[in-house]
Amino acid sequence: MLMDRIIGVFKLDIATFEEIEADQSATGQAALVVLVIALIGGIGSALGASFMETSFLSSFISSVIATFVGWLVWSFITYFVGTSLFGGKADMGEMMRVLGFAYAPQILAIIPCIGWIVGMIWSLVAGFIAVRQGLDLDNTKAFLTIIVGFVAIVLISAVVGMVFGGLTALFNAF
């Protein structure tokens, strides 16, 4: 069932997002999808850090934390913006489920050079469908909601990266 849902997300299948939204037991599956993406991203970040002579461990940890915090922030902000500003109908669990699964295309980051770009764009499109279906919004309202949430993720990820980068510098000083 998990793999069927992931395949449905890759296909951008609306029925799959509706199924995920309605299945309260799918929150753990959504967290598992985010965990896998976080670990792969963390490994990639850590390997890149070793080339830039920064800490492998702090790069790995900051990437994993940023991914999970990003998921929670994106879920909360899209829930808040979608329900408060645009009259969407959802609860926080529904947003966490559909957006957690929307992270699945980021697995493409394992493909050298362009995989992360393709995965990010695909996830953004999947996120749009997730928000539209999860909040029962029209395309314009879903688009505005997803943009606000995505900008928040980028900012949060940057802050987490700076915090862990600062901690790495502090540890390297000793």
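Observations, loosely collected:
- Dividing the helix sum by the residues of the chain, where each DSSP H run of 4 or more adds -39500 (n - 2.57), gives a mean residue ellipticity at 222 nm of -27500 deg cm²/dmol.
- Projecting the Cα positions of Gly82, Gln24, Val151 onto the charge dipole of the chain (unit charges on Cβ atoms of Lys, Arg, Asp and Glu, taken about the Cα centre) puts Val151 furthest along the positive direction.
- Most mobile listed residue (Gln106, Gln29, Gln133) in the chain, GNM with C-alpha springs under 10 Å: Gln29
- Cβ-placed point charges (K, R +1; D, E -1), dipole of the chain about Cα centre in debye, nearest 20: 300 debye
- Here r is the Cβ-Cβ distance between Leu124 and Phe56 and R0 is 22 Å; the resulting FRET efficiency, rounded to 0.05, is 0.15.
- Length available on full extension from Glu18 to Leu2: 0.36 nm per residue minus the Cα-Cα distance, which gives 4.3 nm.
- Of Val69, Val163, Val81, the one that fluctuates the most in a GNM where the chain has Cα springs shorter than 10 Å: Val163
- For the chain: accessible area per residue (Å², 1.4 Å): 51 Å²
- What a 1.4 Å probe finds exposed on the range 38-152 is 77% carbon and sulfur by accessible area, rounded to a whole percent.
- Highest mobility in the GNM of the chain, judged by mean-square fluctuation with C-alpha springs under 10 Å and restricted to Ala158, Ala102, Ala90, is found for Ala158.
- Lys89-Ile147 pseudo-label distance in nm [points 7 Å out on the Cα-to-Cβ vector]: 2.7 nm
- Prolate/oblate/rounded call for the chain, Cα gyration tensor, a/c under 1.5 rounded: prolate
- Pairwise label distance in nanometres, Val36 with Lys11, each label 7 Å out on the Cα-Cβ vector: 1.7 nm
- Helical segments meeting 27 Å axial Cα length and Kyte-Doolittle 1.0 threshold in the chain (DSSP H): 27-51, 56-84, 115-135, 139-173
- Compared with the direct C-alpha span, the chain from Asp138 to Ile117 gains 4.9 nm at full extension, assuming 0.36 nm per residue.
The values are calculated or read from the model by the stated rules, or taken from the named source; none is laboratory data. Predicted, not measured: the structure shown is a model, and the values here were computed from it. Cβ atoms come from the backbone with ideal geometry, glycine included; neighbour counts cover every protein chain shown. Side chains included, ligands, DNA and RNA excluded: accessible areas come from the protein's heavy atoms. Shrake-Rupley method; radii C 1.70, N 1.55, O 1.52, S 1.80 Å.
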